Amino acid sequence: MSLYRVTPQNTSKLPSGIGFIIGNEAAERFSFYGMRSVLLAYMTIYLVQPNGESAIFKEKEAEAWVHLFVGSAYFFPLIGGILADAFWGKYRTILSLSLFYCLGHGCLAMMGILGDTRTLLFAGLVLIAVGAGGIKPCVSAHIGDQFSHAGFCDTARDAFAQPHAGRVHGVLTQAVGVGHVKFLGAVVKEHDRT
């Protein structure tokens, strides 16, 4: 007998695992889109070494890093999908690569405290992109695996709508965040001139 459930719960309500899956998806979206929206401004205005020395990037260099990061975050799901389908399964892929995601944010959190800021930034962005490779291709399919055929239509529709609501929230948060950061960046630059 398996320690874990291997068949869907036969219920007309949302299965018990859906909340955890939606929570993981919402955290990933909020994290990715929130961080991505301020990354360019952070790299070109605020980035410093632990000793307080400026480590900002030139605008074009920062843009290249951001584009490489976003492109990688949308490339690695191909690898994550292959890992999930051929080797680990969706659950193990999501769990394992979510840990990479967390390690990546840990690297970003340590940038102002220890080590070389650019090295930690690079490591953090790579780990987050790899982590996104396990989350993006597997979560929606994993939600579908939680439902039995009884009462599937109504409860599945509700479950699939919730992660998309998180995506909409992430996009709205990104739009507001970018506006605030650009405004604050302009205020700081203007203040530095005077």
* Output the number of the condition that Ala86 fails; it satisfies all remaining conditions of (1) open to solvent by 50 Å² or more (accessible area, probe 1.4 Å); (2) at pLDDT 90 or above; (3) within 27 Å of Thr119 (Cβ to Cβ); (4) not basic (Lys, Arg). => (3)
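Limited to the range 67-114, what total is found for residues that are of a type in the set (Lys, Arg) and touching a residue at least 24 places away in the same chain (Cβ under 8 Å)? Don't jump to the end; show me each part of the working.
Restricting attention to the range 67-114, the residues satisfying the condition of being of a type in the set (Lys, Arg) are 90, 92.
Filter again for touching a residue at least 24 places away in the same chain (Cβ under 8 Å), leaving 90.
Going through the range 67-114 one residue at a time, the tally reaches 1.
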* Structure fact -> Conditions (1) touching a Gly at 6+ places or on another chain (Cβ under 9 Å); (2) within 30 Å of Ile113 (Cβ to Cβ); (3) at pLDDT below 95 -> Met35 fails only (1)
* Restricting to the range 111-130, what's the tally of residues that are within 17 Å of His67 (Cα to Cα) and buried (at least 21 other Cβ atoms within 10 Å of the Cβ)? -> 6
* Extreme residue, surrounded by the fewest Cβ atoms within 10 Å (Cβ to Cβ), among residues of the range 40-70 that are more than 20 Å from Tyr101 (Cα to Cα) and of a type in the set (Val, Ile, Thr) -> Val48
* Structure fact -> Filtering the range 89-104 down to residues that are out of contact with any helix residue (DSSP H, G or I) (no Cβ under 7 Å at 6 or more places or on another chain) and either open to solvent by 90 Å² or more (accessible area, probe 1.4 Å) or part of a helix (DSSP H, G or I) (or both) yields Arg92, Leu95, Leu99, Cys102
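The values are calculated or read from the model by the stated rules, or taken from the named source; none is laboratory data. Predicted, not measured: the structure shown is a model, and the values here were computed from it. A quick note on method: Cβ atoms are made from the backbone with ideal geometry, for glycine too, and the neighbour counts reach across all protein chains shown. Only protein heavy atoms, including side chains, enter the accessible area calculation; ligands, DNA and RNA are left aside. Shrake-Rupley method; radii C 1.70, N 1.55, O 1.52, S 1.80 Å.
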